[in-house]
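Below you'll find the structure, written out as structure tokens, and then a few comments.
FYI, it's all coordinate maths here, none of it is from the lab. Please read these numbers as outputs of a predicted model, since none were measured by experiment. Note that each Cβ is placed from the backbone with ideal geometry, even for glycine, and that neighbours are counted across all protein chains shown.
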Amino acid sequence: MGGLVEKAIYDSVDAFMNQDVTSAAGVIMGDERIDELFLEIEDKCIKLIATQQPIAKDLRIAVTGIKILTSLERMADHAVDIARATMCLSGHPMLVRPIQEIPRMARIARQMVKDGLDSYVHRDVEKAREMCSMDDQVDFIFSHVFRDTIISMGENPDVVTQGAYLLYVSRYIERIADHATNIGESVIYLVTGERRELN
């Protein structure tokens, strides 16, 4: 499921940058499989808790699995949101200046997702912490995109609609990074038992 979510994020941003409605439609259609996997895995975790009554570390494993699963599903939903923005803007060249920052922001967010999943698989607390610290970079870029987009919209009323969608897309990417941070926090909890707010 993690690999499908990573691909959805990549494809949605690529579709947005290239105004590729075919690829955007693929992201939207692919979300159905992610939703199916979410329900299937969540059901297994719940059944495990209900029937096996795990304690201590085993319970943490099950609970962490559900939390990470939920974060992944929400990331996939944001990828769909980005794809829908692409559909709405199709046929209109992007004129808003801050559009160039979106790929860099998305690259960092995708790396966070990858590192978060790797830290979970390998139970690597240090990697989880390093990944969470990357969220500051995404937040920094988001604040600049937000400011520059508002300025562009004020200077040129013709880009207001595009600017609004750019703000949405940058916010979705920022939220993807936040969900990746949640995965890192879950990994730290799983391995150490500590609840740390790193977002």
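General observations
- Qualifying trypsin sites (Lys or Arg not before Pro) for segment 107-173 [loop in DSSP, other Cβ within 10 Å: at most 16]: Arg123
- Size descriptor, Kirkwood hydrodynamic radius, that averages inverse alpha-carbon separations across the chain, Å: 17.5
- Unit Cα scatterers, Debye sum, segment 86-199: log10 I(q)/I(0) for q = 0.10, 0.16, 0.18, 0.21 Å⁻¹: -0.36, -0.71, -0.81, -0.97
- Dividing the Cα radius of gyration of segment 31-109 by 2.2 N^0.38 Å, with N the residue count, gives 1.60.
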